[in-house]
Amino acid sequence: MDFGLILLTIGVSFILAVISAPLVIPLLRRLKFGQQIRGEGPQSHLKKAGTPTMGGMIILLAFTLAYLKFSVVNTDFYVLLVATLGFGLVGFLDDYIKIVFKRSLGLTPRQKLIGQLLFSGIMCVLLISEGHSTAISVPGTQFALDWGPWFYYPFIVIMMMAVTNAVNFTDGVDGLLSGVSAIALGAFAVIAMQVTSLPAAVCAAAMIGAVLGFLVFNAHPAKVFMGDTGSLGIGGAIGAIAIVTKTELLFLVIGGIFVIEMLSVVIQVVSFKTRGKRVFKMSPIHHHFELSGWSEWRVVVTFWSVGLVLAIIGLYLNKGL
């Protein structure tokens, strides 16, 4: 596979994001699409109230243009496009309702579930049409589990919802998700090149460039937030790339930061409902560290570093597949 094409895709997507951001951010500000800050969160976040959100449109725009330009068109191409833009659309509607209709919860849980099921279902139909393998490889081994389509397709629907929500939980500190996702996508880009899946490699590259371009404006102090528009779109891309490259379980390692963030929320909720006690000062866990006295920059650099280590471990384990 042409490594130069992957670098070109990253570069073009990055430039598109950097060029479009100064156009989109003032528009979001004029439309009063400002972030609402939770009062129970870190007090240092209160000053961020009103910062333009829904900046994920910058990411999705840059990604889409680069992806359409450099990818080949086949079934995997459509699977990846549906996952990224479909889940991004769910996030966009959620953000739009929160901001325009002043409804703090955005889409209802049922509405969000329907949207996620719809686009996951379209992915399944596309994968079935191309005879996608239903085997699930165990990272670091030569073993694979194949319990047939009746297990596999419900599994990937659940996986897509879990991955996108885990990525969504990771968004909450300036630059955190942009950096962690770029690292995870970098690992998946390498894997996609190894298995010679051009659509997956270009998808990963286009998203890397988009999130890094967005990071220029999202690094602390952030000039714009991505909102659910960006986080769900990124999660859709990562989940779909793992499925297309047949590394579904490897996400647990490469996307370990996302898994930890989601587990912290689950543990917090279960503990509070069953024992009436909180395990963390606040979940997701990055807020726990903030409330423990860590600066935003320390949280971000630490999580990026752990994400990088996990990505390297994931690539090492993939050699055994």
- prompt: If you go through region 75-99, how many residues are open to solvent by 60 Å² or more (accessible area, probe 1.4 Å) and farther than 23 Å from PHE14 by Cα?
  reply: 2
query: Out of region 169-183, which residues are open to solvent by 20 Å² or more (accessible area, probe 1.4 Å) and either outside any helix (DSSP H, G or I) or over 13 Å from HIS286 (Cβ atoms) (or both)?
result: ASP171, GLY172, ILE183
statement: Contact list, first residue from region 192-212 and more than 17 Å from LEU61 (Cβ to Cβ) and part of a helix (DSSP H, G or I), second anywhere and modelled with pLDDT of 95 or more and among the hydroxyl-bearing types (Ser, Thr, Tyr), beta-carbon distance below 8 Å, six or more apart or interchain, is ALA192/THR245; LEU198/SER71; PRO199/SER71; ALA200/THR245
- prompt: Residue check, TRP304 against (1) closer than 16 Å to GLU261 by Cα; (2) without any contact (Cβ under 8 Å) to a residue 60 or more places away in the chain; (3) open to solvent by 50 Å² or more (accessible area, probe 1.4 Å), all met but one. Which one?
  reply: (2)
- request: Go through SER295, SER231 for me and flag whichever is of a type in the set (S, T, N, Q), touching a helix residue (DSSP H, G or I) at 6+ places or on another chain (Cβ under 6 Å) and under 25 Å from GLY55 (Cα atoms).
  value: SER231
When residues of region 24-38 are limited to those that are open to solvent by 50 Å² or more (accessible area, probe 1.4 Å) and either of a type outside the set (A, V, I, L, M, F, W, C) or at pLDDT 95 or above (or both), the one nearest to VAL100 (Cα to Cα): LYS32
query: How about region 259-305: which of its residues are in a helix (DSSP H, G or I) and hydroxyl-bearing (Ser, Thr, Tyr)?
result: SER264, SER271, THR274, THR302, SER305
field: region 108-154: number of residues that are open to solvent by 50 Å² or more (accessible area, probe 1.4 Å), part of a helix (DSSP H, G or I) and of a type in the set (Phe, Trp, Tyr)
entry: 2
- request: Go over the candidates GLY256, GLY233 one by one and state the one that is open to solvent by less than 10 Å² (accessible area, probe 1.4 Å) and free of Cβ contacts under 8 Å to residues at least 60 places away in the same chain.
  value: GLY256
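The values are calculated or read from the model by the stated rules, or taken from the named source; none is laboratory data. The model shown is predicted, which means the values in this text are computed figures rather than measured ones. Counting neighbours? That spans all protein chains shown, and the Cβs are built from the backbone with ideal geometry, glycine included. When the accessible area is computed, the model is the full protein with side chains, heavy atoms only, and any ligands, DNA or RNA have been set aside. Shrake-Rupley method; radii C 1.70, N 1.55, O 1.52, S 1.80 Å.
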